[in-house]
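Enquirer: There's a structure below that I have some questions on.
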Amino acid sequence: MRILMGMSTDTLTDLGTGPAADADAADEGWRIASASVALLAVGVLMAYGFNVFEDRHAAAELDACRTLPNTWPMYAAACAGLLATLASVALAGRRLLLPRRPRGPVQMAGMVLPAGVLLLVLQAMIVWSVFQPASGGALDCLR
């Protein structure tokens, strides 16, 4: 019967079925979930970095007693954080949609997805605030 159908067990292995394919799918699931966690960590670090740069900018404005333009590290941290968080959410969603679902990577992606969506909202607000024009209000230079 196999001769008539033109398929052997070697052909089935070549098609990506069997134990070797299951191990490859599990490895791919762990890689995707791990990359999602790493990108989420980068997003958190960029949000913290933006906060540090914003504090330094505010101190420089008080020292100069005038409104200063935003610095390039503020823009870089805001945009990099948004892109890293967006990629993290996309990878976590992709991991949850894979047909073969080992338990560990799915649980990791299931935790990254809601945290990533919340961080994505924060990152979007950071980017929005960076690109807003300066208020132009007077600084309190009395110390």
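Enquirer: Please determine whether any residue of region 71-91 is touching a Ser or Thr at 6+ places or on another chain (Cβ under 6 Å), surrounded by 12 or more Cβ atoms within 10 Å (Cβ to Cβ) and modelled with pLDDT of 85 or more.
Expert: Within region 71-91, one or more residues are touching a Ser or Thr at 6+ places or on another chain (Cβ under 6 Å), surrounded by 12 or more Cβ atoms within 10 Å (Cβ to Cβ) and modelled with pLDDT of 85 or more.
Enquirer: Test ASP27 against the stated conditions and say whether it is at pLDDT below 95 and closer than 26 Å to SER129 by Cα.
Expert: The answer is no for ASP27.
Enquirer: Among the residues in region 58-76, are any over 17 Å from PRO133 (Cα atoms), in a helix (DSSP H, G or I) and touching a Pro at 6+ places or on another chain (Cβ under 9 Å)?
Expert: Checked against the condition, which is being over 17 Å from PRO133 (Cα atoms), in a helix (DSSP H, G or I) and touching a Pro at 6+ places or on another chain (Cβ under 9 Å), region 58-76 yields no hits at all.
Enquirer: Here's something else I'd like to know. Somewhere in region 78-93, is a residue out of contact with any Gly (no Cβ under 8 Å at 6 or more places or on another chain), touching a residue at least 24 places away in the same chain (Cβ under 8 Å) and farther than 30 Å from GLU28 by Cβ?
Expert: Yes: one or more hits.
The values are calculated or read from the model by the stated rules, or taken from the named source; none is laboratory data. Everything numeric in this text was worked out from a predicted model, so none of it was measured. A quick note on method: Cβ atoms are made from the backbone with ideal geometry, for glycine too, and the neighbour counts reach across all protein chains shown.
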